[in-house]
Amino acid sequence: MTARPALQARQSGGSGADADPIRLLIVDDSSVARAVLTRMVQSHPDLKVVATASSAGEALDALKSVPVDIVLLDLEMPTGNGIAALPDIIAAGKGARVLVVSTGAGDGAESTVKALAAGAADTLPKPIAGMFGGRFSEVLADRVRRIGRASVADREEEAAPAAASVIQLRETTNCIPTCLAIGASTGGLHALNEFFASLTKPTGIPILITQHLPTLFMPHFARQIAAASGREARVVQDGDELIPDRIHVAPGTAHLCVVRRGGDVRVKLDTRRAPSGCLPSVDPMLASVAEVYGRGGLAVVLSGMGRDGLAGSHALAAAGGVILAQDQFSSAIWGMPRAVAEAGLASAVLPPRDLARRVAKRLGDGAWK
């Protein structure tokens, strides 16, 4: 296929600023927790606490004047619900990402899924008072490093421009999609909410979702997606028939694959190790969609760490299917979609709402533009 004109995409990295420590704002109503978390963070030379706050209101005030990369946010605060404050904190953060560190993240999967759906980049259960020892400091530091710095595009203090890479968009086919498969990881719940907010009309095709979440979270996740999309969403079981406009959610214990049996297409759960090491993994899902639906397969790769989905996208592209990827600046972490985009497999690199409009347009009249 011929390639379309190149798309310029800015990306962080490659400058001397990367040697600077990752800057954190700690938001917790407990002075003890703030002090302990500060000591933990400051024990790592590449991390730095630049401000602390005892409430969401104080956090918003701090973000007006203090450049921050990551906000450590407690969900349970007497002065206000941390989940309710998440969108305002994200907006005020100028690209800063939110890591929820809360006992609520461990006690109830429902609150964790709500936090992720509201835009949190990741969550981490906070030990109860007096139990902050052990490996928690290392786990916290590792999680912070994986999330990384705020988007360079939004860091007003950056003097050097971001490096540019050229993304070659892949030409699309004229085939109308017959199956929509979506893959996501960190930041994916928020992206999925945005996506389905613009995909309001019936699609007439089955929708598959592989989201990296623990098994415990999957029923809550399915309910969240059902509410966001206005569609039936359920965690699949082996042998389920694919139903148009139903959202079929991968379980936390197996890859969601599809097979054709007679005149039906059904779910086939696979527990073999995927190249990415993820379970569930986007790669087996997309590879099976390529095999069953061929040119009718349509994939959307959303925010997430790593490269899961890249191998499956190669298989789908080889079968003539279409892959769309989330853009860098709307992604909590531009890992999975970046891998697909930089491999030249994506036919569009856009925010989730715009990706959904492309899908709706294609299903409506066959035109991608």
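The values are calculated or read from the model by the stated rules, or taken from the named source; none is laboratory data. Here the structure is a predicted model, which means the values were calculated and not measured. Counting neighbours? That spans all protein chains shown, and the Cβs are built from the backbone with ideal geometry, glycine included. Just so you know, the surface numbers come from the protein's heavy atoms only, side chains and all, with ligands and any DNA or RNA stripped out. Shrake-Rupley method; radii C 1.70, N 1.55, O 1.52, S 1.80 Å.
Per-structure values
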item	result
Rh (Kirkwood; distinct C-alpha pairs) - the chain, Å	21.1 Å
In Å, descending, principal axis extents of the Cα set of the range 222-369	37, 36, 32
Computed P(r) (all Cα pairs; the range 33-123; 10 Å bins; percent)	17, 52, 29, 2
Within the chain, percent of DSSP bridges classed antiparallel, to nearest 5	30 percent
GNM flexibility winner over the chain from MET218, MET77, MET285 (Cα, springs under 10 Å)	MET77
Loop-located trypsin sites (Lys or Arg not before Pro) in the range 18-92 whose Cβ has at most 14 other Cβ within 10 Å (DSSP)	LYS64
Normalised convex hull volume, the range 264-340, alpha-carbon set, Å³ per residue	84 Å³
Where the chain is the region considered: accessible area per residue in Å², 1.4 Å probe	41 Å²
Sorted peptide list for 227-240, 301-314, criterion being average Cβ within 10 angstrom, highest first	301-314, 227-240
Above-threshold pairs, the threshold being 29 Å between Cα atoms, out of LYS126/LYS201; LYS48/LYS126; LYS64/LYS201; LYS94/LYS361; LYS126/LYS268	LYS126/LYS201; LYS64/LYS201; LYS94/LYS361; LYS126/LYS268
Heavy-atom accessible surface of the chain: percent carbon and sulfur, 1.4 Å	52 percent
